[in-house]
Amino acid sequence: MGSLFRSETMCLAQLFLQSGTAYECLSALGEKGLVQFRDLNQNVSSFQRKFVGEVKRCEELERILAYLVQEINRADIPLPEGETSPLAPPLKQVLEMQEQLQKLEVELREVTKNKEKLRKNLLELIEYTHMLRVTKTFVKRNVEFEPTYEEFPPLESDSLLDYSCMQRLGAKLGFVSGLINQGKVEAFEKMLWRVCKGYTIVTYAELDEPLEDPETGQVIKWYVFLISFWGEQIGHKVKKICDCYHCHVYPYPNTAEERREIQEGLNTRIQDLYTVLHKTEDYLRQVLCKAAESVYSRVIQVKKMKAIYHMLNMCSFDVTNKCLIAEVWCPQAELHELRRALEEGSRESGATIPSFMNTIPTKETPPTLIRTNKFTEGFQNIVDAYGVGSYREVNPVYTGLIYNDCFSKSVNLFGSGWNVSAMYSSSHSPAEQKKMVLWNDSVVRHNRVLQLDPSVPGVFRGPYPLGIDPIWNLATNRLTFLNSFKMKMSVILGIIHMTFGVILGIFNHLHFRKKFNIYLVSIPELLFMLCMFGYLIFMIVYKWLVYSAETSRVAPSILIEFINMFLFPASETSGLYPGQEHVQRLLLVVTALSVPVLFLGKPLFLWWLHNGRSCFGVSRSGYTLIRKDSEEEVSLLGSQDIEEGSNQMEDGRREVTCEEFNFGEILMTQVIHSIEYCLGCISNTASYLRLWALSLAHAQLSDVLWAMLMRVGLRVDTVYGVFLLLPVIALFAVLTIFILLIMEGLSAFLHAIRLHWVEFQNKFYIGAGTKFVPFSFRLLSSKFSDNVA
């Protein structure tokens, strides 16, 4: 419980690591996760540190492993993840591992490159076969139309040449064939018409099945086209247009014999490529499967090695450059484990001179370490969301209370404290029947609403032990009763909660040896809180206990009595108890006196502690800074209280202290805190009324769901009730889960967190600490993260 109540006691240790054993020692420390390293080279650039070369080597290995994981995932090979984390690799194995990974990367890249090239050639040959099959029906050429090799005049000089003119001139007839993306056909045809001025004939047809693009690997729809043109100039333009639209152009055979020979050659080459490609893929998969067996351990080892060198870059060298010096924060209870880890690292490295450590005194604020388990971790995260606790201050523990209520219906666990049968006249003597209003058969038959009178003997037998008495579920004035009850309970819980926060602040002052804060801050705060709002609780409880059902009609209003406490009315009131006026005036005097003590007590005491004590023959012996850069700490004694004795002090320390102490700043800080506390007592108490509002809203929503759904289903005739009850229960469950449990639960959680953070924690919790982040390999991700996968 001590670790939950306060953070662990920390100490600053200095590690002396021999150059040959530093890597092994940090590996042992990383496995245990004991210490947090301090950066002793803050003024040195990251590129100028001692082990920057080793860090770059680790980054190169990470790049290679990332490529391996990428290829393994692409091949759909499962990546095994071991249950145990491998140790960091020894230094003598690092170069061997780097050489193996580099060789594997080169081999994989070469095989993958060859595979992609074979696959691209195969896709191109498949496209070529489809093009030949489709274009076979486009053009049937006769022998007499075989082209000659005489060039006709350029189109620019005679743009009105027709086909017969072309034949007479012996113009060369050419063909361009290939495949084009389906979405580019229309634009492609328009461009050919405009550029070639109509001296082309375009024929195209859609392929029956989509094909994979050799360049991008996407499966898309293709069109096969055949362009007939005259002349080389037109041919050049057609080919340039095909290149602009990324067409896949293939040679067009001139004769049927040539077409048949090309088709047979393509079939043979495609069959050979399939065979070679399958063998290449099998070999590549074997290599990747072998690499996948060890890639997990390699990734973890490289991560650990990189983390070790990052920590070594935070160390400094001694004057001989043979020993590394590191400063670490370590829990005091783990110092023996730290020494054992250094011994293990020295033993594994085989060094003759072991590494060692010693603790050093410091005035710096240590980091905050609060040990948690699976249950308390979630609650601690809520506290840390407000702010990490200052070192060794009280740590809030969040708890809740579930009382006797389910679906806004009180559960009858202990039996109701009300007795209905005692209201019947037959249960009482004739004399009692004349004095009291009792029930009989006629009254029960002719009245829809009956009132239980707690003043009748035997009707009210005592309060319900926990929660609300279940008989209030049947009462017509249930909301009125719960409204008053929950409002008072919200105020009572709020004042108790805030008072508990002030009391926790006393534990902080005792721990940090600031007893003056108890007398000058905490006690005045308690008096201010209890003399007003604690007295309000007293009046509520006193009225509950003293006034019975017989005297309830003459009981004074608590609200009126509390207001009269501050207004001093001229006319005397009956009051709750004798001597109430004198008690209230005494409480007001105590409240008024606590305010100036809150405002001025602590600043004047610190001023007297700093300057005025020498007049009384009092001295101080030293300082201990508990929080960094705190004006208040400058004037405090260390482990000793104010004592009689000599007033001698070092001149240098006196000068530093005089320069750091600032009375004006301390006074303003205390005045602001006091104003915030005094006004906050009123506003914070009113803020706890949100519990009342949330409880009423939740109860009403539950009651509406019960009355409009479940009650309707339960009242239906038994013949049809079974069939109707099933959908009613399903709808009731859905609405209950989404509205009451999720929406209302989230709303209640946020309001409760607000009360803890603002109304409760500001009484004692500073939350200005830094979280203890140990050098631990367990914090490294054991998964294949995005930067590796």
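Descriptive notes on the structure:
- Accessible-area value, residue 563, 1.4 Å probe, nucleic acids and ligands omitted, Å²: 70 Å²
- When each of the peptides 710-716, 544-550 is scored by how many other beta carbons lie within 10 Å of its residues on average, the order from highest to lowest is 710-716, 544-550.
- Over segment 267-380, Cα pairs under 8 Å with separation of 6+ residues give a relative contact order of 11 percent.
- Total formal charge among the other residues, if their Cβ is under 15 angstrom from that of residue 57, Lys/Arg +1 and Asp/Glu -1: +2
- Sites listed here are GluC sites (Glu not before Pro) in segment 185-276 whose DSSP assignment is loop and whose Cβ has at most 12 other Cβ atoms within 10 Å: 215.
- Alpha-carbon centroid distance for the pair segment 437-492 / segment 46-61, whole angstrom: 78 Å
- For segment 1-119, the fraction of alpha-carbon pairs lying more than 23 Å apart is 55 percent, rounded to a whole number.
- What segment 429-538 shows is 56 Å² of accessible area per residue, with the surface traced by a 1.4 Å probe over protein heavy atoms.
- Charge dipole (debye, nearest 20) of segment 1-100; +1 at Cβ of Lys and Arg, -1 at Cβ of Asp and Glu: 520 debye
- Segment 431-569 - percent of accessible surface contributed by carbon and sulfur, probe 1.4 Å: 64 percent
- On segment 228-270, 53 percent of the accessible area sits on carbon and sulfur atoms, based on a 1.4 Å probe.
- Gyration tensor verdict on segment 346-491 (Cα atoms; rounded if a/c is under 1.5, prolate if a/b is larger than b/c, oblate otherwise): prolate
- For segment 206-308, the spread of Cα positions along the three principal axes, ordered from largest to smallest, is 73, 31, 26 Å.
- Heavy atoms of the protein chains alone define the surface here; on that basis segment 29-111 has 60 Å² accessible area per residue at 1.4 Å probe size.
- Cross-link partners of residue 602 among lysines, defined as those whose alpha carbon lies under 25 angstrom from its own and excluding same-chain residues fewer than eight positions apart: 363, 514, 515, 628, 763.
- When each of 56/92; 197/237; 56/771; 92/304; 117/290 is checked by Cα-Cα distance, pairs over 21 Å: 56/771; 117/290
- Taking a sphere under 14 Å around the Cβ of residue 130 and counting the other residues whose Cβ falls inside, with K and R at +1 and D and E at -1, yields a net charge of -3.
- If you wrap the tightest convex hull around every Cα atom of segment 264-401 and split its volume per residue, you get 307 Å³.
- Residues 8, 110, 124 ordered from highest to lowest accessible area at a 1.4 Å probe: 110, 124, 8.
- Shape call, segment 467-575: gyration tensor on alpha carbons, a/c limit 1.5: oblate
- Label reach from residue 712 (point 7 Å along Cα→C-beta): in segment 731-758, amide nitrogens under 20 Å belong to 731-740.
- Candidate residues 208, 703: accessible-area rank, largest first, probe 1.4 Å: 208, 703
- Solvent-accessible area of residue 607 with every protein chain in place, 1.4 Å probe, in Å² to the nearest 10: 120 Å²
- Toward the positive end of the charge dipole of segment 351-491, with +1 on the Cβ of Lys and Arg and -1 on the Cβ of Asp and Glu, the farthest Cα among 439, 359, 473 is that of 439.
- Seen from residue 764, the other residues with C-beta closer than 11 Å to its C-beta sum to a net charge of -1, counting Lys and Arg as +1 and Asp and Glu as -1.
- Accessible surface for segment 663-710, divided over its residues, is 50 Å² per residue with a 1.4 Å probe.
The values are calculated or read from the model by the stated rules, or taken from the named source; none is laboratory data. Not measured: the values here are computed from a predicted model. No Cβ is skipped: glycine too gets one built from the backbone with ideal geometry, and neighbour counts run over all protein chains shown. We work out accessible area using only protein heavy atoms, side chains counted, and drop any ligands, DNA or RNA first. Shrake-Rupley method; radii C 1.70, N 1.55, O 1.52, S 1.80 Å.
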